[in-house]
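The values are calculated or read from the model by the stated rules, or taken from the named source; none is laboratory data. This is a predicted model, so every value here is computed, not measured. Every residue, glycine as well, gets a Cβ built from its backbone with ideal geometry; the counts of neighbours run over all protein chains shown. All accessible areas refer to the heavy atoms of the entire protein, side chains included, with ligands and DNA or RNA removed. Shrake-Rupley method; radii C 1.70, N 1.55, O 1.52, S 1.80 Å.
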Amino acid sequence: QEELETYYLRTDGGNLVPGDAVRISVDVGNSGNESTDGLVVAVPVSPLLENVVVTGGSQLGASAQWPLGQLSAGANTTLIFEATVAEAAANGSNIVLQASADASNSDTVSSAPASAPIRFAELRVSASFAPQAPATVPATPGDQVVLSVQVQNDGPVASGGVIATLPIDAALFEVIGLAGGSYDAAAGVVRFSPETTATLGAIAPGTVVS
């Protein structure tokens, strides 16, 4: 009777986000003294994955399977399937997978469960309007006002490369972009980008950039 070993899970990359492509590997080794008979390796596919493509095997129901048959004594092989993180995958969830190998002349063996985290920034944006002294509320023609944009990251990881856009009402004129803002008169917007507003380059969890 041979001894089967499974080594699992390798995914390319760190935190995953919906839509990411992932590559998952399963290493199977026969440390016994005879070849396997009827060896089948299986991995139940997480419901957080979709568009599954199994290399050298197939997807049967909710499981990726490889009917290897024989695996020589002392031999190892690597099995691969690829998938996409489901668009509906919730922030903070984990893709958990576990491989198993079974042969007619060996006990069924399983790998330790392994996981890949789904973590992404969740941005919330708001704008505020403040007349400047001696202006009053409500503002009147000729008053100077300041418009501000606030971007908050409610997610568990830092955001990167944020671009904020503030539409400018047609009633406003002599518009000047401050704090790195660039006024596009043709489009009628003020844009803020990491190149001109460094704080947009990486917004930490729970942080507000104004």
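Structure notes:
- Segment 148-174 - residue that is in contact (Cβ under 8 Å) with a residue 40 or more places away in the chain and assigned to a strand (DSSP E or B) and, of those, farthest from Asn94 (Cα to Cα): Ser148
- Complete set of residues in segment 95-129 that are in contact (Cβ under 8 Å) with a residue 40 or more places away in the chain, within 30 Å of Leu200 (Cα to Cα) and part of a strand (DSSP E or B): Ile95, Ala116, Pro117, Ile118, Leu123
- Every residue from segment 11-59 that is exposed (fewer than 14 other Cβ atoms within 10 Å of the Cβ), touching a strand residue (DSSP E or B) at 6+ places or on another chain (Cβ under 9 Å) and not in a strand (DSSP E or B): Asp12, Gly13, Gly14, Asn15, Gly19, Ser31, Asp37, Gly38, Gly56
- Subset of segment 77-89 (residues that are part of a loop (DSSP other than H, G, I, E, B) and open to solvent by less than 60 Å² (accessible area, probe 1.4 Å)): Ala86, Ala89
- Being surrounded by fewer than 18 Cβ atoms within 10 Å (Cβ to Cβ), farther than 13 Å from Ile24 by Cβ and within 29 Å of the chain's Cα centre (by Cα) is a condition met by no residue of segment 68-76.
- Selection from segment 148-194 of residues that are under 18 Å from Val208 (Cα atoms), open to solvent by 30 Å² or more (accessible area, probe 1.4 Å) and of a type outside the set (A, V, I, L, M, F, W, C): Ser148, Gln150, Gln152, Asp154, Pro156, Gly160, Gly161, Thr165, Arg191, Pro194
Residue by residue, here is whether (1) farther than 20 Å from Val96 by Cα; (2) in contact with a Ser or Thr (Cβ under 8 Å, 6 or more places away or on another chain); (3) at pLDDT below 90; (4) of a type in the set (Lys, Arg) holds:
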| position | (1), (2), (3), (4) |
| --- | --- |
| Glu5 | no, yes, yes, no |
| Tyr8 | no, yes, yes, no |
| Ala21 | no, yes, yes, no |
| Gly32 | yes, yes, yes, no |
| Asp37 | yes, yes, no, no |
| Val45 | no, yes, no, no |
| Leu48 | no, yes, no, no |
| Val53 | no, no, no, no |
| Gly56 | yes, no, no, no |
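- Per the listing Ala198, Ala170, Ala164, the residue uniquely in contact with a strand residue (DSSP E or B) (Cβ under 8 Å, 6 or more places away or on another chain) and among the hydrophobic types (A, V, I, L, M, F, W, C) is Ala164.
- For segment 131-147, a tally of residues being assigned to a strand (DSSP E or B) and open to solvent by less than 40 Å² (accessible area, probe 1.4 Å) returns 2.
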